[in-house]
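See structure below.
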Amino acid sequence: MIRGDFSELEETQALKIKGPGAQKNIVILVKSESLGSDEILGKNLMNSFLQSLINNHIKPKAIIFTNQAVKLALNDSPNLGKLLILEEQGIKVLICEQSVSYYQISKLLKVGSLTDMETISEHLLSAWKVITV
């Protein structure tokens with residue numbers, strides 16, 4: 001089966017899903033604390049992006065945080081509340097344990113599940129769509 005078949009299947013599947021909170025086989029890969037190169041604007045954009053995920057009726061299956069993005073799951077993160085809400089909405093919040101180990105912040109994590117690269121790869125490869133931000 002080629003990659004294009006998945007998107008056709010997803011569109012067909014979307015017609016069958018009704019009501020709020022419809023979860024799709026979409027995975028969001030977050031690699032940074034901000035969106036774009038301007039740090040202040042980028043952090044505001046990330047904040048808005050996470051809020052829009054909360055408000056949107058279409059939900060991803062998982063959000064994976066790698067590299068500097070793992071800092072969004074810390075106890076002092078301004079986005080912590082948003083990530084907790086997304087988790088309550090049934091979205092898997094996966095935190096790269098290799099990144100956490102690199103930054104030595106495991107005791108400061110307050111949301112999500114630590115996960116290894118094998119599990120991250122499985123989520124990325126089995127998703128119909130991967131969105132990288």
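The values are calculated or read from the model by the stated rules, or taken from the named source; none is laboratory data. Just so you know, these numbers come straight off a predicted model, no measurement behind them. All Cβ positions, glycine included, derive from the backbone under ideal geometry; neighbour counts span all protein chains shown.
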Exercise. With L80, L72 as the choices, which residue is surrounded by fewer than 19 Cβ atoms within 10 Å (Cβ to Cβ) and hydrophobic (A, V, I, L, M, F, W, C)?
Worked result: L80
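Here is a yes/no grid of residues against (1) within 18 Å of L53 (Cα to Cα); (2) among the polar types (S, T, N, Q):
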{"position": "D76", "(1), (2)": "no, no"}
{"position": "K92", "(1), (2)": "yes, no"}
{"position": "Q98", "(1), (2)": "no, yes"}
{"position": "S101", "(1), (2)": "no, yes"}
Problem set entry | Within region 83-98, considering residues that are among the acidic types (D, E) and either touching a Leu at 6+ places or on another chain (Cβ under 8 Å) or free of Cβ contacts under 8 Å to residues at least 24 places away in the same chain (or both), the one surrounded by the most Cβ atoms within 10 Å (Cβ to Cβ) | E97
For this session: Out of the residues in region 28-66 that are in contact with a helix residue (DSSP H, G or I) (Cβ under 8 Å, 6 or more places away or on another chain) and small (G, A, S), state the one that is surrounded by the fewest Cβ atoms within 10 Å (Cβ to Cβ).
Result: G36
Problem set entry | Single residue of region 100-118 satisfying the filter (part of a helix (DSSP H, G or I) and not β-branched (V, I, T)) that is farthest from V30 (Cα to Cα) | K107
Problem set entry | Long-range neighbours under 8 Å by Cβ, at least six apart or interchain, first residue farther than 15 Å from V93 by Cβ and touching a residue at least 60 places away in the same chain (Cβ under 8 Å) within region 119-132, second of a type in the set (G, A, S) and part of a helix (DSSP H, G or I) | W128/S7; K129/S7
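For every residue, the table says whether it meets (1) over 11 Å from the mean Cα position of the chain (by Cα); (2) under 20 Å from K43 (Cα atoms).
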{"site": "D76", "(1), (2)": "yes, yes"}
{"site": "G81", "(1), (2)": "yes, yes"}
{"site": "K92", "(1), (2)": "no, no"}
{"site": "E97", "(1), (2)": "yes, no"}
{"site": "S106", "(1), (2)": "yes, no"}
{"site": "L109", "(1), (2)": "yes, yes"}
{"site": "T115", "(1), (2)": "yes, no"}
For this session: Identify, by number, the condition in (1) in contact with a strand residue (DSSP E or B) (Cβ under 8 Å, 6 or more places away or on another chain); (2) at pLDDT below 95 that V70 doesn't meet.
Result: (2)
Seminar exercise, completed: Checked S52, S34 against criteria (assigned to a loop (DSSP other than H, G, I, E, B), modelled with pLDDT of 95 or more and more than 23 Å from E122 (Cα to Cα)); the one match is S34
Exercise. In region 73-90, which residues are hydrophobic (A, V, I, L, M, F, W, C), outside any strand (DSSP E or B) and out of contact with any strand residue (DSSP E or B) (no Cβ under 6 Å at 6 or more places or on another chain)?
Worked result: L80, L84, I85, L86
Exercise. Is it fair to say L84 is in contact with a Gly (Cβ under 9 Å, 6 or more places away or on another chain) and either of a type outside the set (A, V, I, L, M, F, W, C) or within 19 Å of K59 (Cβ to Cβ) (or both)?
Worked result: no
